[in-house]
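Okay, so here's the structure we're looking at.
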Amino acid sequence: MNFVRKILHTLYLFWAVFWFLFYMLLIFPFVILFSFFGKIRGGNMIYKLLHSWGDFWFFLSGISVQKIYEEKPDPSEQYVFVVNHISNLDAAMLVKVIRQPFRPLGKIELKDIPVFGYIYKTVVIVVDRSDAKHRQRSIRQLKSVIKKGISILIFPEGTFNETHKPMKHCFDGAFRLAIETQTPIKPVIFPDTYSRMHYKSSFTLNPGVCRAVFLPAIPVEGLTMQDVSRLKQQVTSVMEAKLREYKAEWIREDPH
């Protein structure tokens, strides 16, 4: 029975990877074309292509994405979206569930992947966390995006949460940006991406339910840089509590 299960899972992976690449290659010429329209207009056009890719691929992969709105984002409002990070599937979920203009902050290493890397660097603000000057340049780009009326998105944990806690330590960047630009924070949690694709391997992909939970926005009006730590604690506490409430499978509470 285990042998049959492995064969079926291997066939499923071939199916999912084939359609992932097929649609990516299909939209690639349009991505090149739209990139000539500039970072803002062209980027928004490319995101519309990625929305269609998300709808197409998740459906064919048998992953049922459920959006749960504890408070629906206002499409006319700008946010600093903050999302927990537990799986490579998180990035694909972003273009599937967020349907207003935004730009995420992403690691620079992915820009070198053929085809995908070109698309990635046209719609993501890349950051080299090992280079202080590069980090500062990325921050300036994020601020510029907000000034142009577009939301930004940051995984505040930086890298995968490989603990069994709801979230690992978060960096200050998202919260400093929110205060500096006076942009409300919109927390979003993905309680199921770990179950659909383990952070250790993309070959663990499997069909099933994937929820995206949009939590109430957290205002930052009047806050200063002295409030960064308090704001970070407030946001992460809410996200951790909701990950427990929605029964994220990776959480193993310490009985002591």
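Selection of first residues in the range 22-39 that are under 17 Å from Val124 (Cα atoms) and of second residues that are among the hydrophobic types (A, V, I, L, M, F, W, C) and part of a loop (DSSP other than H, G, I, E, B), restricted to Cβ pairs under 8 Å at least 6 apart or on distinct chains, gives the following pairs, ordered by first then second residue: Met24/Val115; Phe28/Val115. Of the candidates Ile113, Ile98, Ile139, the single residue that is within 23 Å of Leu21 (Cα to Cα), surrounded by fewer than 18 Cβ atoms within 10 Å (Cβ to Cβ) and hydrophobic (A, V, I, L, M, F, W, C) is Ile113. Figure legend. Inter-residue proximity from the range 210-237: first residues without any contact (Cβ under 8 Å) to a residue 40 or more places away in the chain, second residues part of a helix (DSSP H, G or I), beta-carbon distance below 8 Å, spacing 6+ or different chains. Indicated pairs: Ile218/Leu231; Ile218/Gln234; Ile218/Val235; Ile218/Val238. The number of residues in the range 8-67 being part of a loop (DSSP other than H, G, I, E, B) and either crowded, with 16+ Cβ neighbours inside 10 Å or modelled with pLDDT of 95 or more (or both) comes to 3.
If we scan the range 191-199, do we find a residue that is in a loop (DSSP other than H, G, I, E, B) and under 21 Å from Glu71 (Cβ atoms)? Yes, the conditions are met somewhere in the range 191-199. Residues satisfying the criterion are present in the range 77-89 (criterion: more than 26 Å from Asn161 (Cα to Cα) and either in contact (Cβ under 8 Å) with a residue 24 or more places away in the chain or surrounded by 15 or more Cβ atoms within 10 Å (Cβ to Cβ) (or both)). Number of residues in the range 200-221 that are in a helix (DSSP H, G or I) and either aromatic (Phe, Trp, Tyr) or crowded, with 17+ Cβ neighbours inside 10 Å (or both) equals 2. Within the range 110-131, residues that are modelled with pLDDT under 75 reach partners that are among the β-branched types (Val, Ile, Thr) with beta carbons closer than 7 Å, at six or more positions or on different chains, in the pairs Lys111/Val126; Val127/Ile108; Asp128/Ile108.
For the range 167-190, filtering for residues that are in a loop (DSSP other than H, G, I, E, B) and among the hydrophobic types (A, V, I, L, M, F, W, C) leaves 4. Only one of the listed residues (Lys200, Lys242) is at pLDDT 95 or above and either closer than 20 Å to Leu105 by Cα or within 19 Å of the chain's Cα centre (by Cα) (or both). That residue is Lys242.
The values are calculated or read from the model by the stated rules, or taken from the named source; none is laboratory data. Predicted model, so just to flag it, every value in this text is computed and none were measured. Backbone-built Cβ (ideal geometry, glycine too); neighbour counts: all protein chains shown.
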